[in-house]
Protein chains: 2
Amino acid sequence: MRPHDHGDCIRRVLDEAERRAAEDRVNFTPVRRHALEILLESHAAMPAYGLLKRLDADGFGSQPPVAYRALDFLIEQGFVHKVERLNAFVACMYPHETHTPAFLICRNCRSVAETCVAPTPAALLREARAAGFAIERSMMEAEGLCRDCAREEDAPCD
Amino acid sequence: MRPHDHGDCIRRVLDEAERRAAEDRVNFTPVRRHALEILLESHAAMPAYGLLKRLDADGFGSQPPVAYRALDFLIEQGFVHKVERLNAFVACMYPHETHTPAFLICRNCRSVAETCVAPTPAALLREARAAGFAIERSMMEAEGLCRDCAREEDAPCD
DNA sequence: TTTTCATAGGTTATACTATAACATTCCAGC
DNA sequence: GCTGGAATGTTATAGTATAACCTATGAAAA
C-alpha cells in the first residue's frame, strides 16, 4: 500500500456512499454506516466475525446476522466487496463507478489493494460469448507479495 | 456446457494426470485418484463435504481431513481448482498446461465452465507492476447464465 | 384514522466449511 | 534392523454463513 492520507480516503468514500444512498433512496441506517466505517479503517480485509465483534463492542448486537445483513446491504450497494480468497471483506475504493473488482492480495500481511481494471477483461468476454454464457458479474483476485513485504523478504536479516 | 463425449473427457484428463504424477514422482494414491475420478464425473463444482460423502461411501473414510488432504494434493498438482465463489471444487480441464483458471459459473445450474485465457490479464499485470506487487497466482470468476439456462429463462412457459 | 404492507432489526438455532493436533502405518534407504 | 519421511487414521475444534421466526417502525392505501 502506498503512503496516503487515510483520513481523506475514509471521508471521500463515506461521503460518496452517503450521496449515492440518498440518490438511490436506500436506507443507510446506523448499523450499515458503522459497518462501512469499520471496514474503512484499514485496507486489510476483515472477516465477517471480526466485523461482528467490532459492531458488538459498539452496541449494535452480537449475533451473526447483524454483520451479514450489514454486509449484504453494503455489497449490494457496491460499497463493499467480498474477497473470496480470504472469506473477508473490504470497503470499495471506487464507489463512484460500477466496476469489476480486481484485488492484489498480499499473502504475507493480508493487505488488499483494489485496482482499477476494465469491467471484464476482453479475453474472458470473448470466451463467454463463444460459450453462449451471459456474464452478470465477474471478479479477479491475485495473490502475491506487496511492495513492503517483498522488501522484507529481501532483507538479509530476515 | 456444450454437448461432448464425457467419457473421453474423463479418460483424457485422468491419463494426463497419471502421466504427470509419474513424471513428477508424486504419489498418486488410491484415495487421491478416486477423488479426482469423482470430481471428473460432472462439470459442476462439488463441495468438499460432497466429495467426502462419496469417498466415504466408497470406503475411504468419513472424516473431513480425508477429503481436504486429497483436495490439497490435487490442487497442488494442478489437477483440481477451487471455485472460490462457491467454496467448491472442479477437476481441471487443462491439466497439461500451467494457467490461471477462469470460470464461468452458472447461477442457475451451478455448472462451471473452465475457459482458457492468458495466464494473467495484461491490465492486471500492469496495475500490479505499478503498485510494486509481485503476482504469484491469480484467478478470475464470472457469474451469470449458461447457454442452457438462458434458454429456459426465455421460455414462455417458465 | 385504521389498516396494510414492506423494510429493518432482534434472536435462536443450525448448517456448512476448514484446520489443528496427535497417533499410526508403511515403505525407502542407510 | 533402524530411521525418517510421507500418507493416512482419528478426535476435536475453529471459522463461515444462513434459516426461520418474531418484533418494531413507518409510509402508503383504504
A:Arg85 vs. criteria modelled with pLDDT of 95 or more and at the interface with chain B (Cβ under 9 Å from one of its Cβ atoms): yes
Enumeration of residues in the range B:132-148 that are closer than 30 Å to A:Glu152 by Cβ and more than 7 Å from every other protein chain (Cβ to nearest Cβ): none
In the range A:59-80, the residues that are within 10 Å of the chain's Cα centre (by Cα) and either without any contact (Cβ under 8 Å) to a residue 40 or more places away in the chain or surrounded by fewer than 22 Cβ atoms within 10 Å (Cβ to Cβ) (or both): A:Ile75, A:Gly78
Scope the range B:92-122; condition buried (at least 22 other Cβ atoms within 10 Å of the Cβ), in contact (Cβ under 8 Å) with a residue 60 or more places away in the chain and either in a helix (DSSP H, G or I) or within 16 Å of DNA strand C (Cβ to nearest atom) (or both); matching residues: B:Ile105, B:Val112
Residue that is in contact with a helix residue (DSSP H, G or I) (Cβ under 7 Å, 6 or more places away or on another chain) and within 14 Å of DNA strand D (Cβ to nearest atom), where the choices are A:Leu86, A:Leu55, A:Leu104: A:Leu55
Test: residue in the range B:60-82 that is under 19 Å from A:Glu127 (Cβ atoms) and within 14 Å of another protein chain (Cβ to nearest Cβ): yes
Output for the range A:38-52, where each listed residue is more than 10 Å from DNA strand D (Cβ to nearest atom) and surrounded by 14 or more Cβ atoms within 10 Å (Cβ to Cβ): A:Ile38, A:Leu39, A:Leu40, A:Ser42, A:His43, A:Ala44
Among residues of the range A:15-40, those that are out of contact with any Asp or Glu (no Cβ under 9 Å at 6 or more places or on another chain) and within 19 Å of A:Glu97 (Cβ to Cβ), counted: 13
The range B:101-124, residues that are more than 27 Å from B:Cys9 (Cβ to Cβ) and at pLDDT 90 or above: none
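The values are calculated or read from the model by the stated rules, or taken from the named source; none is laboratory data. From a predicted model like this one, the values you see are computed outputs, not experimental measurements. Counting neighbours? That spans all protein chains shown, and the Cβs are built from the backbone with ideal geometry, glycine included.
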